[in-house]
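Bear in mind these aren't lab numbers, they're just calculated from the coordinates by the rules spelled out. What you are looking at is a predicted structure, and each value in this text was computed from that prediction instead of being measured. Cβ: placed from backbone, ideal geometry, glycine included. Neighbour counts: every protein chain shown.
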Amino acid sequence: MAEKYQPSAQPAVDSTGIRWGRSGRLDMCAVGISTLCVLHCVALPVLAALMPVAAQAAESELAHKVLVAAAVPVSLSVIWKTRLAGGNRLFAGAALLGLGLLLLAAFIEAVSAHEQPMTIAGASLVGLAHLWRYVRQCRNG
């Protein structure tokens, strides 16, 4: 039978009573990266219509690949660290599905016609999964 994940030390509590452990900070980092992905897909096309420089950034394949390259190790690190904790299947499933969508959209040319909705869905899944896990972790103390 698998052992439950037990952190070795209690994380520090800030003035709001929220525990800021290492995995909690990684969750917030993943939420931030996912938010950047969504903003990139939603805001940059609007900016592209207004500024020629933004048009080049909105179409840059490098921007997509860099954001995905940042999101994957952060999310996988949290998934790996919490793999033994009970009740993390929903988190891991949503985060892995989101990462899969992000990887497909960024690196598979055959899905380029659907790149934007796949990226928005993937980034939203990853961000919401980490946010859900973080809130759940704060409640459990």
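Observations on the structure shown:
- Amide H within-cut-off set for Gly21, under 5 Å, with H built and near neighbours excluded: none
- For segment 22-140, the Rg and Dmax computed from alpha carbons only, in angstrom: 14.9, 50
- Radius 11 Å from Cβ of Val31, net charge of other residues (Lys, Arg +1; Asp, Glu -1): +1
- Dipole magnitude for segment 76-141: computed about the Cα centre from +1 point charges on Lys and Arg Cβ and -1 point charges on Asp and Glu Cβ, it is near 540 debye.
- Ordering of 113-123, 28-38 by burial proxy (mean other Cβ atoms within 10 Å per residue, highest first): 28-38, 113-123
- In a simple Cβ point-charge model (Lys, Arg +1; Asp, Glu -1; nothing else charged), segment 22-140 has a dipole of about 840 debye relative to its Cα centre.
- FRET efficiency estimate (nearest 0.05) - Cβ-Cβ, Ala70 to Val42, R0 22 angstrom: 0.75
- Label point distance in nm, Arg83-Glu59, each placed 7 Å from Cα along Cα→Cβ: 4.2 nm
- Packing-based exposure ordering (other Cβ within 10 Å, fewest first) of Leu99, Leu44: Leu44, Leu99
- Around Ala113: net Lys/Arg minus Asp/Glu count, Cβ-Cβ under 15 Å: -4
- Among residues other than Val126 with Cβ under 13 Å from its Cβ, the summed charge is 0 (Lys and Arg +1, Asp and Glu -1).
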